Structure formats: structure tokens, C-alpha cells
Amino acid sequence: MSEFKKLVFSGVQPTGNLHLGNYLGAIRKFVALQEGNDCIYCVVDMHALTAQLVHDDMPNQTRSIAAAFIAAGIDPEKHIVFNQSAVPQHAELAWIFNCVARIGWMNRMTQFKDKAGKDREQASLGLYAYPSLMAADILVYRGTHVPVGDDQKQHLELARDIAMKFNLDYGEHIRKAGQGIDITVGNEPVHAYFPMVEPLIDGPAPRVMSLRDGTKKMSKSDPSDLSRINLMDDEEAISKKIRKAKTDPDGLPSEVDGLKGRPEADNLVGIYAALADKTKADVLAEFGGQQFSVFKPALIELAVTVLSPITAEMRRLMADTSHIDAILRKGGERARARAEVTMKEVRDIVGFLY
């Protein structure tokens, strides 16, 4: 093998209801990436413990993410859909990576600071170390590409740092084991076992904000259900939430520059553009000068048209979970087989007897 085979990996945590922001920012990209790529899509249930230790509904939360993947158009036969805890090699490689990663690297992770808040001494070790598990999630399959948003770029850089340090520290062991590929990182030749993971950024990702506050991201954890459109919302709920979405008294501008300083207007135009696969300029060319009393019904109609088939399929799948369970079980078996190939080689490289 003269180069790493391209493989796309990504995962979604089973914490709270999936919403429009998750669909437009991630799941729709996952569907598009199926064309011409080998893809592995994971429900990262082990990561969910860092947000909340005890989950009363973890099984159904896990199923609902998988149902969203399938309903949106991911093919679990051509690609792999599974839940992370079904593949113990993730945790095994994460421990090795915990020993590769440096404390200074982890201290720079801004998401830990944000999520831990002021009382960091009470935060879990899992929350602190989870970027190491994220690196293992990708690299246990020797994944080469990950679709990422802005909030995950730093973690991807850490995965590259971990891969590079492993490759350098174990360079001679990698050669002796007959593994690895000669690559160049910067100007430095490296005999690498793990690839340098690359982010997949396909144009500007739609940044979907709260329907109640255009300065905050749409979030599963927002206490107000009116702040988000859940993928399981019916037509009535979607209509109500968009009608009640915060706006300002002015009409829509004719140019994109006119949205500056108007976060709620910008958000609703952005949602319409993303759902319609258009630019904001296209949307304003159609609705510029109109009041929100005209624009909101058009947005409701579009949102219902796009989301209703996904919602209906998710509801069907969740009504009888045996099909989802079978998909996850088969996906777990396929993922374990791939991950074990990597771990056998890593154990040899590290020097573990087994």
C-alpha cells in the first residue's frame, strides 16, 4: 500500500433530540459524502457519558440517531452505521492515545473550558480526555477524512498531533512490524502507521441559530423547545415554531449586506437558503422588500416539504425498533472486524503480548 485509502468517519452523540441544525450542518453532508467514498457513521454513545453520566433513555436515544441517519438517506449496506460502545477497540486505542497525548495539548482544548465552566475541578476526567477518544474513533479505522464544523477543528488538529507523535515515537517499531507508509508531513519524511486526518469542508456550512435568539446556536440543550425545530416535529409543530420565531419590525432587504446587525432575519433567510439549496442572495432576490408575514409561510411550506419525509421515516423506524437494532448490530460486527485489524497491528507495534 503506497498511500492511505480514503475513508470518511464521523459521529453524532445520542444526547437530546436531533434538530434542524444537526440535519443541515452534519447529517445532510453525511448523505452526500456517500457518493464515491467509503464511509463509517457512528452513534458515539461513549462520548455521551461526558455530557451526563446517567441516561435513562440511552438505548432509544441511540436508536433515534441511527433512525435519522437512515431516514435522511444513509445506506447502511454500502457503508457502516453502528454505535461506538459495540466496538471495544475504540476504548483500547484511546488508552494508548492517552499515553501519547501531552497534558499541554489537552489544556489548550477550548471546548473543555467552555463545557466545564468555572468549576473545572468538578468536571469528569472523561470530559477532559474525550478528544483523545475522538482521535481513536477516527484512527482505529485509519480514517483519512472527517466532515467537521468550526467547533471540532481543534480536536481534529489534536488527532493529527497524536497520530504524528505515535508515528515518530514508534517509527522503528512500525518498520520492524512491516507496517506503515512513507509520507511527507511539511518537509519531514515520516514512516507513518496512522494517517494525518484531513477536515472535509464542502463550502460554508449553514450555521443554524436559535429561533428565539439569533445570536445563539440552535441547541438540543436549550430549555425552550420553541428555540429549535426537532427532526421528529410534525407539520403543526414546525408551523408554530416558525410563526413564533423572533424577528424584527423591518422587512427583508434586497441585498445580503442588509442582513448585517439583524441576526434573527439572517438566521431565517439562512435556513430557507440551506433547505432550498440556494444562496442567501437568491432568497433575497425572491423575497427582498417583503414582510415576514409573507416570508414565514413560505419558509414553513419549504421546511415541511423537506423534513416531513424524514420525520415520517424516523417515526416508522422508531415504532418497531427491531430493524434499527439489526442495522446497528450488523454495523457493529463490520466495524469490529475492521477495528481489530488495526488493533492487532498496533499491539505488535507497541509491544503487547496477546
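The values are calculated or read from the model by the stated rules, or taken from the named source; none is laboratory data. Since the model is a prediction, treat every value here as computed from it, not as a measurement. Positions of Cβ are generated from backbone atoms using ideal geometry, with glycine treated the same way; all protein chains shown enter the neighbour counts. Surface areas here come from the heavy atoms of the whole protein model, side chains and all, with no ligands, DNA or RNA. Shrake-Rupley method; radii C 1.70, N 1.55, O 1.52, S 1.80 Å.
Kirkwood hydrodynamic radius of region 281-354, from the reciprocal of the average inverse Cα-Cα distance over all distinct pairs: 17.5 Å. Remark on G11: its backbone amide H falls under 5 Å from those of C42, a criterion applied only to residues 5 or more positions apart or on other chains, H modelled at 1.01 Å from N. Each Lys and Arg adds +1 at its Cβ and each Asp and Glu adds -1 at its Cβ; summed about the Cα centre, the chain shows a dipole of about 420 debye. Determine how large the accessible area of R207 is when every protein chain is in place; take a 1.4 Å probe and give Å² rounded to the nearest 10. So the heavy atoms of R207 present about 150 Å² to solvent. If R0 equals 22 Å, the separation of the Cβ atoms of K220 and L53 corresponds to a calculated FRET efficiency of about 0.80. Spatial offset of region 209-281 relative to region 289-339 amounts to 19 Å, using the alpha carbon center of each. Along the axis of the charge dipole computed for region 17-170 (Cβ charges of +1 for Lys and Arg, -1 for Asp and Glu, origin at the Cα centre), the listed residues N83, N98, F69 are led at the positive end by N98. In this structure the amide hydrogen of A192, modeled in the peptide plane, comes within under 5 Å of the amide hydrogens of I181, D182, I183, none closer than 5 places in sequence on its chain.
Assuming charge only on the beta carbon of Lys and Arg (+1) and of Asp and Glu (-1), the dipole of region 1-58 about its Cα centre is about 240 debye to the nearest 20. Taking label points 7 Å from Cα along the Cα-to-Cβ direction, D213 and N98 give a separation of 3.5 nm.
Treating each Cα of the chain as an identical point scatterer and summing with the Debye formula, the log10 of I(q)/I(0) at q = 0.14 Å⁻¹ comes to -1.19. Counting only DSSP H runs of at least 4 residues, each contributing -39500 (n - 2.57), and dividing by the residue count of the chain, the helix-based mean residue ellipticity at 222 nm comes to -16000 deg cm²/dmol. Axis angle, to the nearest 10 degrees, between helix 153-169 and the longest C-alpha principal axis of the chain: 10 degrees. Too long at a 27 Å Cα-Cα cut-off: which of K78/K220; K29/K278; K115/K260; K220/K240? Flagged as over cut-off: K78/K220; K115/K260. Surface listing: S322, S132 arranged by accessible area from highest to lowest gives S322, S132, probe 1.4 Å. Secondary structure note: in the chain, about 35% of the DSSP beta bridges are antiparallel.
Applying both filters, DSSP loop and at most 14 other Cβ atoms within 10 Å, to the GluC sites (Glu not before Pro) of region 61-168 gives E77.
For region 8-129, taking the reciprocal of the average inverse distance between every pair of different Cα atoms yields a Kirkwood hydrodynamic radius of 16.0 Å.
Take R336: with every protein chain present and a 1.4 Å probe, its accessible area is about 90 Å².
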